[in-house]
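Worksheet for the structure shown next.
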Amino acid sequence: MAPISMSKDRPSPQESFTQMADKDLESIGRHCQFEYCNQLDFLPFRCESCRGTFCLDHRTETSHKCPKAGEWARRRNAQNASPGTSLPTQKPTIYNSDQCAHLDCKTLINTMKDPGVRCPNCNRQYCLKHRLREEHDCAKITPLGGRPAAAGANANETLRSMFARVRTWGKEKSHAATQSLTPTPKPNSPAARAVQLNTLKKSAKGDANVPADKRLYLHVVGTSDTQRVDPPNGDFYFDSRWKVGRVLDDAARRLRVENVNNRADEKERLRIFHVESGEFLEFSDAIGAGKVQSGHTIVLMRGAGVMLGK
């Protein structure tokens, strides 16, 4: 019969018990120390928490009701967390190491060579090169865990970031519309605005059942819940008689922006911000009854109601 191979007298990295070494053939076998067992086991196990000896049936902490349950795991975690712990060297790869959260960086972090630095604003880890907010465009990134740690200050920063992107997007769109025609009118002239509106009407999509004389043509920018630099946007027309709430539902559906206004709190609800007036629109108002005119831009913003005290 082939000899039984016994493991060394050391804790297993995955179990709370170890098989005891066979150093003396005359002393093979131990009695299980569980109170109601006392069975003689020729291949006994030692609990790495209470250091007791048990049979196969009572080797786990649960089965022998270990008075020091979990101590082996806490001890192992402390050893792994200790900077002086000598661990077997392993070449870092994408399978066993973290990667810098910057989209264009492939540096493996949390290694002996490259430590990782956690950004407190977006809750992501970066290499030393991209650890600063300016280096990883922190203002344009949706924080992990929904909201950053300092909710009030960072909420303002998020809104300012969205406004900046909307302005940039609007300027680029206006520039593209005016540059495609000759002669080029002045950007703020009535002729330029007419050109932009005509371009908007040609590209806008919407409900075909809306009468032509009731259509309100708008640039719509959605909120981005990903790391994309630009939020989703598009050109659409709506019935000027529709309530703002209905416009929001239709715009969110067309931009494929998640809309949970009917079941979430203000942190997750969408609101419409009118760029030209700098105001948030009330859900119960008609979209065409106030300051909103064809050619204007509206933005779907998530969580703005918290700042507004809604």
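The values are calculated or read from the model by the stated rules, or taken from the named source; none is laboratory data. The shown structure was predicted, so the numbers you read here are calculated from the model rather than taken from an experiment. In this analysis, Cβ positions are derived from the backbone assuming ideal geometry, glycine residues included, and neighbour counts consider all displayed protein chains.
Hey, can you tell me all the residues within region 189-216 that are among the polar types (S, T, N, Q) and surrounded by 16 or more Cβ atoms within 10 Å (Cβ to Cβ)?
Matches in region 189-216: Gln196, Thr199.
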So, in region 119-143, of the ones that are at pLDDT 85 or above and basic (Lys, Arg), which residue ends up surrounded by the most Cβ atoms within 10 Å (Cβ to Cβ)?
-> Arg131
Could you check, for region 158-176, whether at least one of its residues is aromatic (Phe, Trp, Tyr), closer than 21 Å to His296 by Cβ and modelled with pLDDT under 60?
-> yes
What is the number of the single condition among (1) within 23 Å of the chain's Cα centre (by Cα); (2) small (Gly, Ala, Ser); (3) modelled with pLDDT of 85 or more that Gly146 does not meet?
-> (3)
Residue count, region 110-127, condition on the phi < 0 side of the Ramachandran plot and in contact with a Pro (Cβ under 7 Å, 6 or more places away or on another chain), comes to 3
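Suppose the filter is under 32 Å from the mean Cα position of the chain (by Cα) and part of a loop (DSSP other than H, G, I, E, B); does Val257 pass it? Please lay out each step first, then the result.
Working: under 32 Å from the mean Cα position of the chain (by Cα): yes; part of a loop (DSSP other than H, G, I, E, B): yes.
Answer is yes for this residue.
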Residue check for Cys100: modelled with pLDDT of 70 or more, crowded, with 19+ Cβ neighbours inside 10 Å and outside the structural domain of Asn123 (by TED's automatic domain parsing) = no
When residues of region 29-55 are filtered for being small (Gly, Ala, Ser) and either modelled with pLDDT of 85 or more or within 19 Å of Pro67 (Cα to Cα) (or both), how many remain?
-> 2
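Restricting to region 282-296, name every residue that is hydrophobic (A, V, I, L, M, F, W, C) and at pLDDT below 90.
Of region 282-296, the ones hydrophobic (A, V, I, L, M, F, W, C) are 283, 286-287, 289, 292.
Those that are hydrophobic (A, V, I, L, M, F, W, C) and at pLDDT below 90: Phe283, Ala289.
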